[in-house]
Amino acid sequence: MLSNLLLVTNQGLVQVGELTKRKVIDYKLNKKYPREEIVKVKLPPKVISDCYVDVSELERRRFGELLSHFTRVLERNFISLDLDYFYNNIKTLSIRKIRDRIIAEQTRGEYFIDTNEILLYEDCQDTIYHELFHMASSWYGGTVAYSGFSQDDVGLGLDEGYTEFLTRRYFGKGMTSSVTYEDQVNLVYFLEKVIGRAKMESLYMKANLKGLLREMRVYLTQEETVDLVSNIDKTRYLYVVNKSEFSLNLYLEYLRESYLIIFRAFVRKLVKEYQQSWLSNTTIDKRVNDFLEDGNIRTYIDGTPYIVAGLDDFIEIFVEEFYKIGVYFGESEVRK
């Protein structure tokens, strides 16, 4: 009987069955995404480009109008130093439309970094800008794949979330019907509030995951940083890559931990500013409210809403971090 099997995990002997399904999946995910790989992330190679692309030549290609529009948007919104990978890749990029799905059913298109090629399904042309962002932030030297905020299999959740986030920022949500990355998009949106838009966009376009980790470490411990990247990778795997192993409780736990880590980074940043310039209570209150927006973090699984983290969770972190420097805010002060 399956329920009588035992697995040896880092938590000891675990009985397999419905009650322990969550532990088994967590164990498998920890093996698939080893934490030490996050610590080993390297800087991507420097690439010097000519910072030029012939737009008229792009327009003669298949999907030329979309390629030229993408190029103009990037050149209008990013400095040339952030576009070295884009200029190198766009010149040899190929795009094909195919009829039969050869990858995951929910996938609408894919960028293949080793061949610098985008595959689109016949009815999925509206996802091209998402794939073009992958192309514009990627470098493959034959050993390691650097792409946006991922390095091989590390940071794929961060990368997909921010790629979709930038696609919506610059081309609108209506240009893609992808709903599988909603939670990753929301997480990177909160993370960008801590890191800063200009810095985070620049690191992404330079495929500099190591640089992003370094920015996180300004406000987080190494363990917290690793937890955040690992958890976001795991949410992507559970909900996007392999839903057959989906565990709602485990998925919600990864999401909750991720949001709380990001909020803790934000509060520590606020504490540092408070120590440097003595921010008023009114300013602190406004900053926290602007960051949280609603106060409750929700996710939707197959149309059903779930509260991932609530105001009380955030108040606890806020009070705890300010108390470390001898400043105490009563709960009523934080809530008002």
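Each value in this text was obtained by applying a stated rule to the coordinates, not by laboratory testing. Everything quoted here is computed from the prediction, not taken from an experiment. Heads up, the Cβs are rebuilt from the backbone with ideal geometry, glycines too, and the neighbour counts pull from every protein chain shown.
Compared with the dominant principal axis of the Cα atoms in the chain, helix 281-292 is inclined by about 50°. Using only Cα atoms, find the angle between the long axis of helix 64-77 and the longest principal axis of the chain, and express it within 0 to 90 degrees, rounded to the nearest 10. Approximately 50 degrees, to the nearest 10. For the chain, the longest principal axis of the Cα atoms and the long axis of helix 222-236 meet at an angle of about 60 degrees. Across segment 150-162, rounded Karplus estimates of 3J(HN,Hα) from the backbone phi angles (6.51 cos²θ - 1.76 cosθ + 1.60, θ = phi - 60°) give 10, 9, 6, 8, 8, x, 5, x, 4, 5, 5, x, 6 Hz, Gly and Pro being marked x. Only Cα pairs under 8 Å and 6+ residues apart enter the sum, and on that basis the relative contact order of the chain stands at 14 percent. Structure remark: mean-square fluctuation, Gaussian network model of the chain, C-alpha springs under 10 Å; the largest value among V188, V229, V240 belongs to V240. Partner aspartates and glutamates whose Cα lies under 20 Å from the Cα of K21, excluding those fewer than 8 positions away in the same chain, are identified as D233, E245, E253, E257. The peptide list 309-319, 79-89, put in order of mean Cβ contacts within 10 Å with the highest first, becomes 79-89, 309-319. By the count of neighbouring beta-carbon atoms within 10 Å, fewest first, T235, T304, T180 end up ordered T304, T180, T235.
What's the long-distance tail for the chain, i.e. % of Cα pairs beyond 37 Å? So the pairs more than 37 Å apart make up 24 percent of the total in the chain.
Once you've got the Cα coordinates, tell me which of K40/K269; K31/K91; K206/K234 are over 29 Å apart.
Numbers: K40/K269 26 Å; K31/K91 38 Å; K206/K234 24 Å.
Listed pairs above 29 Å: K31/K91.
Which lysines, if any, have their Cα less than 22 Å from the Cα of K272, not counting same-chain residues under 8 positions apart? Correct list for K272: K193, K199, K286, K324.
The Cα center of segment 231-267 and the Cα center of segment 152-167 differ in position by 14 Å.
Close amide-amide hydrogen proximity is noted between R298 and V308, each under 5 Å apart and 5 or more residues distant or on a separate chain (H modeled in the peptide plane; Pro and chain starts excluded). Once both labels are positioned 7 Å from their Cα atoms along Cα-to-Cβ, the gap between S80 and E65 label points is 3.0 nm. Computed from label points 7 Å out along Cα-Cβ, the spacing between T221 and K31 is 2.8 nm. Running Debye on segment 40-220 with equal point scatterers at the Cα sites and no solvent, what base-10 log of I(q)/I(0) appears at q = 0.20 Å⁻¹? With one equal scatterer per Cα and no solvent, log10 I(q)/I(0) is -1.58.
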